[in-house]
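Step one of this worksheet: look at the structure below.
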Amino acid sequence: MLYSHKPIMEREISQLILRDPDGFYLDATVGLGGHASKIAGFLKDGKLLGLDQDSQALLYAEKALSPFKGKFYLIEGNFKDTESILKENGFLPLTGAVFDLGVSSLQLDNPSKGFSFREDGPLDMRFSQKNPLTAAMIINRWPEGQICQILKEYGEEPSARKIAKQIVVERKTKPIETTKELASLISRIGFHGKIHPATRAFMALRIAVNGELSNIEPGIRGCFSCLKKGGRMAILTFHSLEDRIVKNLLQTFVSEGKGQFVGEKQTRPSQEEIQDNPRARSAKLRVMEKTNEK
Ligand SMILES: C[S@@+](CC[C@H](N)C(=O)[O-])C[C@H]1O[C@@H](n2cnc3c(N)ncnc32)[C@H](O)[C@@H]1O
């Protein structure tokens with residue numbers, strides 16, 4: 001089955017990075033193969049390398065990319081290792097790359113992955129089944145202070161202390177094992193604003209389980225070092241923590257005279273796209289061109 005999926009800012013990304021149909025391209029977060037299909041469809045003698053940590057996502061990507069046989073390779077791996085993966089696979093120098101950070105609709109909508117508080121499932125939240133850390137381990141084993149810290153730091157959760165305290169109280173009676181159990185605990189004590197009270201805590205847990213923030217800098221640096229002069233990378237972010245890391249790193253490349261922003265420093269999706277696909281509403285796109293050989 002092909003999962004229905006709308007790649008975010010696909011038109012803008014394609015216009016900005018697809019410039020040589022004979023070049024090497026990287027999709028560092030191939031997911032369901034949405035952006036990757038657009039890249040593969042543009043290629044003539046060029047090749048695309050699609051990377052994802054999630055082996056199940058790669059099965060979907062393979063199906064989505066099936067019309068472009070011979071033009072792509074899919075690899076299960078973490079984009080923090082982009083540089084060595086590109087070198088090992090002879091993908092140098094790189095003409096273009098896309099990073100579409102975060103979680104896919106397939107992962108969010110699959111209750112067994114445990115990303116969503118709207119569906120009941122195990123508190124898992126791992127992109128990769130090889131990751132030894134699950135959200136249940138954090139919730140049931142980590143000290144209160146550490147749980148409070150990730151809720152504050154990664155979720156900017158105003159009720160972090162109260163939630164962490166209650167988790168530790170309730171887990172003494174019975175381990176907290178499902179998304180609904182955790183969501184209902186948070187709903188009883190968390191802040192009720194415009195969004196569901198569990199939104200921030202679930203995001204914080206997801207970031208902690210997958211070490212999401214610590215992968216960004218090595219991934220982007222590694223990819224940038226493999227770009228050829230004039231090569232471009234497009235990065236989509238969905239929340240302020242990841243966006244800050246990306247913005248500062250790209251700004252460093254500019255200050256060092258190695259890169260320049262293409263177009264605006266950041267581009268937002270059009271109103272039509274947001275209406276058509278609400279997931280696009282928090283997206284920010286940054287595109288950088290490498291301006292020197294090294
Ligand atoms: C937003 S989705 C990408 C969707 C894709 N652009 C498309 O059009 O179908 C993000 C994907 O990145 C993957 N991912 C997240 N962090 C990763 C990492 N450090 N290394 C490799 N893949 C990662 C997730 O497993 C997920 O499949």
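The values are calculated or read from the model by the stated rules, or taken from the named source; none is laboratory data. As the structure is a computational prediction, the values presented were derived from the model and not from experiment. Cβ atoms come from the backbone with ideal geometry, glycine included; neighbour counts cover every protein chain shown.
Listed values, structure above:
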| quantity | calculated |
| --- | --- |
| Qualifying residue in the stretch 102-111 (condition: surrounded by 17 or more Cβ atoms within 10 Å (Cβ to Cβ) and acidic (D, E)) | no |
| Some residue of the stretch 208-219 being more than 16 Å from the ligand (Cβ to nearest atom) and modelled with pLDDT of 95 or more | no |
| Residue within the stretch 16-25 that is part of a helix (DSSP H, G or I) and more than 15 Å from the chain's Cα centre (by Cα) present | yes |
| Condition broken by E12, with the remaining ones in (1) crowded, with 19+ Cβ neighbours inside 10 Å; (2) among the charged types (D, E, K, R); (3) near the ligand (Cβ under 9 Å from one of its atoms) satisfied | (3) |
| Within the stretch 204-294, strands (runs of 3 or more DSSP E) holding 1 or more residues that are aliphatic (A, V, I, L, M) | 227-237, 284-290 |
| Hits in the stretch 148-169 - residues which are surrounded by 20 or more Cβ atoms within 10 Å (Cβ to Cβ) and aliphatic (A, V, I, L, M) | I150, L151, A160, I163, A164, I167 |
| Residue check for I195: in contact with a Leu (Cβ under 6 Å, 6 or more places away or on another chain) and in a loop (DSSP other than H, G, I, E, B) | no |
| Positions within the stretch 231-251 being more than 19 Å from the chain's Cα centre (by Cα) and either surrounded by 20 or more Cβ atoms within 10 Å (Cβ to Cβ) or under 20 Å from E212 (Cβ atoms) (or both), in sequence order | G231 |
| Test: residue in the stretch 199-206 that is surrounded by 21 or more Cβ atoms within 10 Å (Cβ to Cβ), within 14 Å of the ligand (Cβ to nearest atom) and over 18 Å from D27 (Cα atoms) | yes |
| Some residue of the stretch 115-138 being assigned to a helix (DSSP H, G or I), more than 11 Å from the ligand (Cβ to nearest atom) and surrounded by fewer than 20 Cβ atoms within 10 Å (Cβ to Cβ) | yes |
| Enumeration of residues in the stretch 38-51 that are more than 12 Å from L18 (Cα to Cα) and either within 10 Å of the ligand (Cβ to nearest atom) or touching a Leu at 6+ places or on another chain (Cβ under 6 Å) (or both) | L49, G50, L51 |
